[in-house]
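*Asks:* Can you read through this structure? Questions will come right after.
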Amino acid sequence: MALDSVEKQLKELYNLLNQYNYEYHVLDNPSVPDAEYDRLMRELVKLEEEHPELISPDSPTQRVGGEALTAFEKVRHETQMLSLANAFSEDDLRDFDRRIRQAIGEQFSYVCELKIDGLAVSLRYVDGLFVQGATRGDGTIGEDITANLKTIRSVPIRLKEPLSLEVRGEAYMPKKSFLTLNKVREENGEVLFANPRNAAAGSLRQLDPRIAASRNLDIFLYGMGDYGTAGVASHSAGLDLLEKLGLKVNKERRKYDSIEEVIEYIKKWTGNRPNLDYEIDGIVIKVDSIDQQEQLGTTARTPRWAIAYKFPAEEVVT
Ligand SMILES: NC(=O)c1cc2c(N)ncc(C(N)=O)c2s1
């Protein structure tokens, strides 16, 4: 077979398999049965074994790296990954709202999002290709965990548009994966993970990407390093752009014009957590307009335009 037709066939397999992977892991709506995906994957592995020199970083076979690392490199975040101030009551939320209104007047909207209980990470894409992923670390310096993040099936190897941007999100372990993992660890007499958050963090800190690949991790993206470069005027438009690019964004986000509606949203989710496939520890509330976020600014550690309402700690039944 002539080389150019092998390259053409490889590219077709890359596009097909990456699209099927996107439908399954990001949209949760596969268009082909698993058997068809597996058949194409076997065809790709065979073709790459015959032509190893043609293997591209776009190939889904490159998601799980070969060798374990000896250590994680340090990564400096171009824009600091801030923390969030906390709110623990409706009064705290009304105080937050009052401070915003005193600073920028009455015309603004909030975006509410589920606060995923996982590990904050940053993903950097250059011309659409996933090139580097890092932990939050201390907000300025994180650890390079690119190889481990690449094993998360819902992380696209290539965006649907050739954009260069840095996105932020939370890597997490679904509840079912956590229970299965601990069941196996118990059978093997290993120490159990206390909760899905620790299991996700422990999995992403594994130096061998094959271990991370076995842990069924997932991710929700919820922000960007610099909204300016993406040319969006609001946080909600930024999330819609991330979704359009093929990134997994949580669908429970809502936009409201008053703190009272935010409080109703919080009440709904306080009781609804058991119905989610993943753990959340609160609700994140952000002023939607990027201009208004910039007017409000940040403290040394946290934005003034956002707050995390934390659910009361659950009663541990002993
Ligand atoms: N530390 C932070 O800034 C955030 C942390 C989280 C989190 N754990 N889950 C969701 C969001 C979100 N949707 O914005 C944020 S933002």
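The values are calculated or read from the model by the stated rules, or taken from the named source; none is laboratory data. From a predicted model like this one, the values you see are computed outputs, not experimental measurements. Reconstructed Cβ throughout: ideal geometry from the backbone, glycine too, with neighbour counts over all protein chains shown. SASA here: full protein model, heavy atoms, side chains in, ligands and nucleic acids out. Shrake-Rupley method; radii C 1.70, N 1.55, O 1.52, S 1.80 Å.
*Asks:* Assuming a ≥ b ≥ c are the square roots of the Cα gyration tensor eigenvalues, decide whether segment 201-288 counts as rounded (a/c under 1.5), prolate (otherwise, with a/b larger than b/c) or oblate. Provide the component values of the computation, followed by the final result.
*Replies:* On the way: a/c = 2.67, a/b = 1.29, b/c = 2.06.
Oblate is the answer for segment 201-288, as a/c is 1.5 or above yet b/c matches or exceeds a/b.
*Asks:* If DNA, RNA and ligands are ignored and the probe is 1.4 Å, what is the ranking of Asp28, Asp4, Asp144, Asp288 by accessible area, most exposed first? Mind dumping the intermediate values first?
*Replies:* Values: Asp28 125, Asp4 105, Asp144 30, Asp288 10 Å².
I get Asp28, Asp4, Asp144, Asp288, largest accessible area first.
*Asks:* Would you work out which of Asn15, Tyr110, Asn29 lies farthest towards the positive end of the dipole of segment 5-136? Charges go on Cβ: Lys and Arg +1, Asp and Glu -1.
*Replies:* The residue sitting most towards the positive pole is Tyr110.
*Asks:* Next question. Length gain on complete extension for the stretch Glu36 to Ala233, per 0.36 nm per residue less the alpha carbon to alpha carbon distance? Walk me through the numbers before you get to the answer.
*Replies:* Numbers: separation 197, 0.36 × 197 = 70.92 nm, distance 4.15 nm.
Full-extension gain reported as 66.8 nm.
*Asks:* Do the sum for the chain: with -39,500 (n - 2.57) for every DSSP H run of n ≥ 4, divided by all residues, what is the mean residue ellipticity at 222 nm, to the nearest 500 deg cm²/dmol?
*Replies:* Numbers: 11 runs with 122 residues, N = 318.
It lands at -11500 deg cm²/dmol.
*Asks:* Just grab the label-to-label distance for Gln295 and Ser56, each label 7 Å out from Cα along the Cβ direction, in nm (one decimal).
*Replies:* The answer from the label model is 4.6 nm.
*Asks:* Taking just the alpha carbons, could you work out the radius of gyration and Dmax for the chain, both in angstroms?
*Replies:* Answer for the chain, Rg first and Dmax second: 21.0, 71 Å.
*Asks:* Using only C-alpha atoms and all pairs of different ones, pull out the Kirkwood radius for segment 1-67 in Å with one decimal. Before the final figure, lay out the partial values.
*Replies:* On the way: mean 1/r = 0.0798 Å⁻¹.
Result for segment 1-67 stands at 12.5 Å.
*Asks:* Still on this structure, please answer the following. Enter the accessible area of Tyr256 (Å², nearest 10), with the probe set to 1.4 Å and all protein chains included.
*Replies:* 50 Å²
*Asks:* Could the peptides 173-183, 113-123 be put in order, highest first, of the mean number of other beta-carbon atoms found within 10 Å of their residues?
*Replies:* On the way: 173-183: 17.5, 113-123: 23.3.
Most protected by this proxy first, the peptides run 113-123, 173-183.
*Asks:* To continue, here is another question. Is there a quick way to get the dipole size of the chain? I mean about its Cα centre, with the Cβ of Lys and Arg at +1 and of Asp and Glu at -1; what is the value in debye to the nearest 20?
*Replies:* On the way: 41 positive and 53 negative charges, 91 e Å.
With Lys and Arg at +1 and Asp and Glu at -1, about 440 debye.
*Asks:* Here is a further query. Roughly to the nearest percent, how much of the accessible area of the chain is carbon and sulfur, given a 1.4 Å probe? Each step should come with its number before you reach the end.
*Replies:* Working: 8250 of 16330 Å².
Taking all protein chains in place, the chain shows 51 percent carbon and sulfur surface.
*Asks:* Here's something else I'd like to know. Which sequence of Arg210, Arg253, Arg101 reflects their accessible areas, 1.4 Å probe, from the largest down? Before the final figure, lay out each step's value.
*Replies:* Numbers: Arg210 120, Arg253 45, Arg101 80 Å².
Largest accessible area first, the list is Arg210, Arg101, Arg253.
*Asks:* So what J values fall out for segment 254-263 if you push phi through Karplus, 6.51 cos²θ - 1.76 cosθ + 1.60 with θ = phi - 60°, rounded to Hz, Gly and Pro as x?
*Replies:* 9, 10, 9, 9, 9, 5, 5, 5, 4, 5
*Asks:* Let me ask another. 7 Å from Cα along Cα→Cβ at both Glu12 and Lys176: what's the point-to-point distance in nm?
*Replies:* 3.4 nm
*Asks:* Once the piece of chain linking Leu27 and Glu73 is laid out straight, how much longer is it, given 0.36 nm per residue of separation minus the C-alpha distance between them?
*Replies:* 13.3 nm
*Asks:* Still on this structure, I have one more. Rolling a 1.4 angstrom probe over the protein heavy atoms, how many square angstrom per residue are accessible across segment 134-286?
*Replies:* Details: 6710 Å² over 153 residues.
With the other protein chains kept in place, segment 134-286 gives 44 Å² per residue.
*Asks:* Right, here's the next one. Run the simple label-point estimate for Leu192 and Asp277 please: 7 Å along Cα→C-beta, distance reported in nm.
*Replies:* 2.4 nm
*Asks:* Which value, in Å² and to the nearest 10, is the accessible area of Lys251 when all protein chains are kept and the probe is 1.4 Å?
*Replies:* Per-residue accessible area (Lys251): approximately 150 Å².
*Asks:* Taking R0 as 22 Å, what's the FRET efficiency between Gln132 and Thr302 from their Cβ-Cβ distance, rounded to 0.05?
*Replies:* Numbers: r = 25 Å, r/R0 = 1.15.
The formula returns an efficiency of 0.30 here.
*Asks:* Further question: How much accessible surface area, in Å² rounded to 10, belongs to the heavy atoms of Val191 with a 1.4 Å probe?
*Replies:* In the full protein context, Val191 sits at about 110 Å².
*Asks:* Further question: Convert 37 °C to kelvin, take the viscosity as 0.692 mPa s, use the Kirkwood radius over C-alpha pairs of segment 113-184 as Rh, and evaluate the Stokes-Einstein diffusion coefficient in µm²/s, rounded to a whole number. Walk me through the intermediate numbers first.
*Replies:* Values: Rh = 13.4 Å.
Here the translational diffusion coefficient equals 246 µm²/s.
*Asks:* Another question about this same structure. Can you quote the Å³ per residue value for the convex hull of the Cα atoms in segment 39-186, rounded to an integer?
*Replies:* Values: hull volume 31.3 nm³, N = 148.
About 212 Å³ per residue, rounded to a whole number.
*Asks:* Turning to a different aspect of this structure: To the nearest 20 Debye, how big is the dipole of segment 211-318 about its Cα centre, given +1 on the beta carbon of each Lys and Arg and -1 on that of each Asp and Glu?
*Replies:* Numbers: 14 positive and 17 negative charges, 33 e Å.
So the magnitude is around 160 debye.
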